[in-house]
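First the structure, in the form of structure tokens, and then the observations on it.
The values are calculated or read from the model by the stated rules, or taken from the named source; none is laboratory data. Since we're looking at a predicted model, the values are computed, not measured. Because the Cβ atoms are built from the backbone with ideal geometry, glycine has one as well, and the counts that use them run over all protein chains shown.
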Amino acid sequence: MNREELKALGLTDEQIDKVMASHGKTLNDVKAKADKLMVLRVKLMITSNRLPIVTNSLLILVIR
């Protein structure tokens, strides 16, 4: 919702400011979590791409 919609619902400017501040904090928290998940996703992709190399290296060591 935007300020105009909240105003149309009868909220005061002070109430709207509080709603907007709370929403902004929630949004920033969600964005931070999404950023962390993206980093973990990239790390997982890198790790999964290396897994066959590590597995092959371990097999070579075991065979020797």
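Here's the yes/no breakdown for (1) surrounded by 10 or more Cβ atoms within 10 Å (Cβ to Cβ); (2) modelled with pLDDT of 90 or more; (3) among the hydroxyl-bearing types (Ser, Thr, Tyr); (4) in contact with a Ser or Thr (Cβ under 6 Å, 6 or more places away or on another chain):
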| position | (1), (2), (3), (4) |
| --- | --- |
| MET1 | yes, no, no, no |
| GLY10 | no, yes, no, no |
| ILE16 | yes, yes, no, no |
| MET20 | yes, yes, no, no |
Checklist entry - Does SER57 count as in a helix (DSSP H, G or I) and surrounded by 10 or more Cβ atoms within 10 Å (Cβ to Cβ)? => result yes
